[in-house]
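Beneath this line is the structure, given in structure tokens, with notes to follow.
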Amino acid sequence: MCDRVKGVSPGDEVIVPSNTYIATWLAVSQCGATPVPVEPVEATFNIDPARIEAAITPATRMILTVHLYGQPADLEPILAIARKHGCACWRTPPRRTARATRGATTVLMVTR
């Protein structure tokens with residue numbers, strides 16, 4: 001992942017879901033960045049957009065979303081927060097399947 005994440009360097013911070021597989025956090029650490037966990041929405045187990053903004057600091061470079069259990073993260077507010085703070089938003093998992101949501105196709109991770 002590190003070679004594909006543009007703009008994330010050692011010392012940077014990346015917002016990550018607290019409820020995710022450890023490889024998500026390890027990929028951020030391997031880049032030399034610090035993972036900053038954000039708690040999930042209880043109903044979906046996905047990162048809570050309402051809690052992201054409080055976790056952002058001047059060192060934040062990216063918000064990393066993970067779609068869990070066949071439910072897409074709520075990307076509209078997450079993307080708005082990323083734009084507001086000049087952060088990138090990583091949102092395409094390596095193995096995926098499509099699911100329609102709000103008239104758009106969302107990419108979801110498939111694990112075995």
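Quick one: is VAL14 modelled with pLDDT of 90 or more, β-branched (Val, Ile, Thr) and buried (at least 20 other Cβ atoms within 10 Å of the Cβ)? Walk me through it before giving the result.
Numbers: modelled with pLDDT of 90 or more: yes; β-branched (Val, Ile, Thr): yes; buried (at least 20 other Cβ atoms within 10 Å of the Cβ): yes.
The answer is yes for VAL14.
Identify all residues within the stretch 37-47 that are touching a strand residue (DSSP E or B) at 6+ places or on another chain (Cβ under 7 Å) and surrounded by fewer than 20 Cβ atoms within 10 Å (Cβ to Cβ); write none if there are none. Walk me through it before giving the result.
At the first step, the residues of the stretch 37-47 found to be touching a strand residue (DSSP E or B) at 6+ places or on another chain (Cβ under 7 Å) are 37-38, 40, 44-47.
Selection gives PRO37, PRO40, THR44, PHE45.
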Checklist entry - Between residues in the stretch 39-66 that are free of Cβ contacts under 8 Å to residues at least 12 places away in the same chain and closer than 9 Å to PRO17 by Cα and residues that are of a type in the set (Asp, Glu) and in a loop (DSSP other than H, G, I, E, B), which pairs lie under 8 Å by C-beta distance while being six or more apart or on different chains? => result ASP48/GLU39
Checklist entry - Within the bounds of the stretch 22-34, is there any residue that is crowded, with 20+ Cβ neighbours inside 10 Å and among the aromatic types (Phe, Trp, Tyr)? => result no
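Is it the case that PRO72 is closer than 21 Å to GLY32 by Cα, touching a Leu at 6+ places or on another chain (Cβ under 9 Å) and at pLDDT below 85? Explain how you work it out, then say what you get.
On the way: closer than 21 Å to GLY32 by Cα: no; touching a Leu at 6+ places or on another chain (Cβ under 9 Å): yes; at pLDDT below 85: yes.
When the stated conditions are applied, PRO72 does not pass them.
Any chance the stretch 96-106 includes a residue that's modelled with pLDDT of 95 or more, farther than 15 Å from VAL8 by Cα and surrounded by fewer than 18 Cβ atoms within 10 Å (Cβ to Cβ)? Talk me through it step by step, then tell me what you get.
Residues of the stretch 96-106 modelled with pLDDT of 95 or more: none.
Within the stretch 96-106, not a single residue is modelled with pLDDT of 95 or more, farther than 15 Å from VAL8 by Cα and surrounded by fewer than 18 Cβ atoms within 10 Å (Cβ to Cβ).
The values are calculated or read from the model by the stated rules, or taken from the named source; none is laboratory data. All values derive from a computational prediction rather than experimental measurement. Quick reminder, even Gly has a Cβ in these numbers, built from the backbone with ideal geometry, and neighbours come from all protein chains shown.
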